[in-house]
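A quick write-up on the structure given underneath.
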Amino acid sequence: MAVEEEAGEPAGSSKPPCPAYAELLKVMERASGRLQLPWERVRKETARGRLDERFLSSHGPAAPVSLPFLPDLHVEIKKAWKNPDSARIHRHQRANFADVEGLSQHGYVSMPPIDETFANYLITGRVPTLKAPVLPTKPLKVTSRLNGRAYVAVGQAGAALHTMAVLQAYQADLLKDLDQGQGLSPEAVEELRCTTDLTLRATKQTAESIGRSMAAMVATERHLWLNLVDIGEKEKGFLLDAPVSPSELFGTSIKAVVGKFREARARSAAFRTWTRSESGPRQPGGPGPSRAEAQRQGQRSSVATRAPPPPRSKSQRRRDSRTKKQDLREVIDRRRQQRR
């Protein structure tokens, strides 16, 4: 309901700016200056209606400002974009900031399994069997595999956020002691700096997990489109594992594959034209057999028609005499002659 109310509000509503957001802009301004980050502060102007004020500006909402972009974080995110289909989800690291207790029971490790009875009913439409449920077609299996990869990568990012949250809450408590006048000992300052470094490392691992999830989602979208055409598994695997490009779904690799398809199609069309010309009837006036070849074919046909039948063997003649039927009148005449 809160989302619907927020979406249904007019663009020019007179809500005061969020205090936390205003504080965020101030901190970002100091942070971008310290870290030397380019920040254009692009403002998104809200649309104004005919009922909005023209002169008064005290009740107008503050236009949202885009926050600075950190290139170092983007480098960590796009590490898995080089091969989105074959990139490893579980990376062996010495310090795994996503290894948090209770991940499996809270659904961070893998996609929730489907009930076997219900799955078998969906696949077969009949009474469920004792066999393990398996998706019926290969495209569905590939889609499920890619979707599961994206889910696992996001689960790793969420697990790393638990580590970051613990470290940041610890930092907040240390800084609270400093703000209350208790001061910080050298050991507390060292602890604060140590937790900050660990938070940055956990952020790096979170960014890598998010990048792997985005790569798996791109591979899933590519797979859905590639199911519309019948191409070889080699070409399909090449397109699924092509580097991720923000401008195009398949990147620049689609040009090479399309070029191969066009060349193969041209070759097949030329081959079909050649086979039709070879197997079809001769066109009048077109190239035909030579004179000597025509004479040879005529001689073969004439010899075959005038050749005598091959001689029969004795066994064949006996067989023919047995199977041959005698005329009844001939038998009667022969017996009459014998009596005389």
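The values are calculated or read from the model by the stated rules, or taken from the named source; none is laboratory data. These numbers come from a predicted model, not from an experiment. Neighbour counts are summed over all protein chains in view; Cβ atoms, including those assigned to glycine, are modelled from backbone coordinates with ideal geometry.
Checked against (1) more than 19 Å from LEU226 (Cα to Cα); (2) at pLDDT 90 or above; (3) in contact with a Leu (Cβ under 9 Å, 6 or more places away or on another chain), PRO133 meets all criteria but (2). Do we find a residue being surrounded by 11 or more Cβ atoms within 10 Å (Cβ to Cβ) and not in a helix (DSSP H, G or I) anywhere in the stretch 184-195? Yes, some residue in the stretch 184-195 is surrounded by 11 or more Cβ atoms within 10 Å (Cβ to Cβ) and not in a helix (DSSP H, G or I). Of all the numbered requirements in (1) hydroxyl-bearing (Ser, Thr, Tyr); (2) out of contact with any helix residue (DSSP H, G or I) (no Cβ under 9 Å at 6 or more places or on another chain); (3) touching a residue at least 12 places away in the same chain (Cβ under 8 Å), THR252 misses one, and that requirement is (3). Residues that are modelled with pLDDT under 70, under 21 Å from MET28 (Cα atoms) and either surrounded by 14 or more Cβ atoms within 10 Å (Cβ to Cβ) or within 25 Å of the chain's Cα centre (by Cα) (or both) within the stretch 55-80 comprise PRO61, ALA62, listed in sequence order. Among the candidates GLU191, GLU187, single out the residue that is farther than 30 Å from ALA80 by Cβ and touching a residue at least 12 places away in the same chain (Cβ under 8 Å). Matching residue, one of GLU191, GLU187: GLU191. Selection of the stretch 94-122 for residues being of a type in the set (Ser, Thr, Tyr), within 15 Å of ALA157 (Cβ to Cβ) and surrounded by 14 or more Cβ atoms within 10 Å (Cβ to Cβ) yields only TYR108.
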